[in-house]
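The values are calculated or read from the model by the stated rules, or taken from the named source; none is laboratory data. Every value quoted in this text rests on a predicted model; they were computed, and no experiment measured them. Glycine also receives a Cβ, built like all others from the backbone with ideal geometry; neighbour counts cover every protein chain displayed. Protein only, heavy atoms only, side chains kept; ligands, DNA and RNA dropped before computing areas. Shrake-Rupley method; radii C 1.70, N 1.55, O 1.52, S 1.80 Å.
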Amino acid sequence: QVQLVESGGGLVQAGGSLRLSCAASRSIFTFNAMGWYRQAPGKQRELVAAITNDGRTNYADSVKGRFTISRDNAKNTVYLQMNSLKPEETAFYYCNTRDVFREYWGQGTQVTVSS
């Protein structure tokens with residue numbers, strides 16, 4: 001079991017930046033990968049970025065070059081630095097991981113980008 005708690009969301013103007021944090025209740029090194037997803041109203045949840053426990057990263061094409069995912073194993077925390085935000089990226093952002101038993105989600109943090 002692990003609890004994931006996201007923070008760092010808020011209201012930002014288009015072109016602005018936010019850094020999201022995902023704090024895990026136990027060591028994240030035990031998970032092969034951690035990811036950030038987002039879900040906008042009326043849309044499906046989509047993968048934004050993921051990072052493996054050896055530091056390999058994967059990004060949605062729409063955020064490449066603007067978002068950066070990172071992890072601090074000592075703090076059991078994963079970050080998502082989001083730059084040059086666009087209004088269409090307004091959504092709930094969720095932290096995710098999985099183990100051999102199940103998938104885990106945080107409660108989400110709202111990101112609102114005003115035009």
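The table for this structure:
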{"quantity": "28 Å Cα-Cα reach of K43 towards lysines, excluding residues that sit fewer than 8 places from it in its own chain", "calculated": "K64, K86"}
{"quantity": "Under 13 Å, Cβ to Cβ, from T112 - net charge with Lys/Arg +1 and Asp/Glu -1", "calculated": "0"}
{"quantity": "Net charge over other residues, Cβ less than 15 angstrom from the Cβ of N53 (K, R count +1; D, E count -1)", "calculated": "+2"}
{"quantity": "Integer Hz, Karplus 6.51/-1.76/1.60 couplings in order for the stretch 64-75, x for Gly and Pro", "calculated": "4, x, 10, 10, 9, 9, 8, 9, 10, 4, 5, 9"}
{"quantity": "Probe 1.4 Å, accessible area per residue of the chain, Å²", "calculated": "53 Å²"}
{"quantity": "Hull volume in cubic angstrom per residue (convex hull over the Cα atoms of the stretch 1-108)", "calculated": "97 Å³"}
{"quantity": "Gaussian network model of the chain, Cα within-10 Å springs - most flexible of V12, V48, V78", "calculated": "V12"}
{"quantity": "Nonlocal amide H pairs with G108, under 5 Å, H built at 1.01 Å", "calculated": "E6, C95"}
{"quantity": "Share of carbon and sulfur in the accessible heavy-atom surface of the stretch 1-106 [1.4 Å probe, %]", "calculated": "49 percent"}
